[in-house]
1. List every residue whose amide H lies under 5 Å from the amide H of residue 31, counting only residues 5 or more places away in sequence or on a different chain, with H placed 1.01 Å from N in the peptide plane.
2. Expressed as an acute angle from 0 to 90° and rounded to the nearest 10, what is the orientation of the C-alpha long axis of helix 121-140 relative to the principal long axis of the chain?
3. Looking at 69, 111, 175, which one has the Cα that reaches farthest to the positive end of the dipole of the stretch 3-186 (charges on Cβ: Lys, Arg +1; Asp, Glu -1)?
4. Sketch the reach of a paramagnetic label on residue 12 as a point 7 Å from Cα along Cα-to-Cβ, and name the residues of the stretch 73-100 whose backbone nitrogen lies under 11 Å away.
5. Kindly write out, for the stretch 175-188 in residue order, the coupling ³J(HN,Hα) from the Karplus curve 6.51 cos²θ - 1.76 cosθ + 1.60 (θ = phi - 60°), rounded to whole Hz, with x marking Gly and Pro.
6. Among 134, 174, 44, whose mean-square fluctuation peaks in a Gaussian network model of the chain (Cα, cutoff 10 Å)?
7. Given the rule -39500 (n - 2.57) for each run of at least 4 DSSP H residues, summed and divided by the residues of the chain, what is its mean residue ellipticity at 222 nm, to the nearest 500 deg cm²/dmol?
8. Let a ≥ b ≥ c be the square roots of the eigenvalues of the Cα gyration tensor of the stretch 65-170; is it rounded (a/c under 1.5), or, if not, prolate (a/b larger than b/c) or oblate?
Amino acid sequence: MDANKLLEILHLAEKLKDVPRHCVTSGGRRESVAEHSWRTALMAYLVKDEFPDADMDRVIKMCLIHDLGEAFTGDIPVFAKTEEDEAREERLLMDWTASLPEPYASEMTALYEEMKQRSTVEARIYKSMDSLEAVIQHNESEISTWEPHEYDLNLNYAWDRVAFSGYLTKLRSAIRAETEAKIEKSRE
């Protein structure tokens, strides 16, 4: 890849370090989109042995690129994102992806389509990691940072996304147990 084009891509990706997410870290500051994407990819790497038939390199790629569109739009929490927001982010991202040199333009376009369709096990694993990472991050933040609707969200979010996998269902159950303990402790 041409060095200048690589730098252009990296400069765009760097913006995600400064795009805050709705989640708060255990240290009390807003998490960045880049931090979320990094830990989502780390999660995929750490569970690769649970999915011996899946192409986990592809899953990790999905995790790394899944929120690049937020470099254009910022982060909009799942509970506030509209179809119009999603369409705008997708349009801006696809325009940018089309400007990439080959083979990256084709590969990323295909990955984004696969992620959107969620018809492959790899796309379902990626989406599970994306969703579960957000719930874990909420569990790690001070409960005083939670909005009232997030109690129910943290207890119930993503069960449908993990249902295809016994392992991910067990992981989601463990995360729910942490949520329940956190809520219970806050009532003491």
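1. 21, 23, 24, 25
2. Helix 121-140 and the main axis of the chain meet at about 50 degrees.
3. 175
4. 92-100
5. 5, 4, 4, 4, 4, 4, 5, 5, 5, 4, 4, 5, 8, 6
6. Maximum among the listed residues: 174.
7. Working: 10 runs with 123 residues, N = 188.
Result for the chain, helices only: -20500 deg cm²/dmol.
8. In terms of gyration-tensor shape, oblate.
Every read-out reported here was derived from the displayed coordinates using simple, explicitly stated rules and does not represent laboratory data. For clarity, every value in this text was computed on a predicted model and none was experimentally measured. Virtual Cβ from ideal backbone geometry, glycine too; neighbours counted across all protein chains shown.
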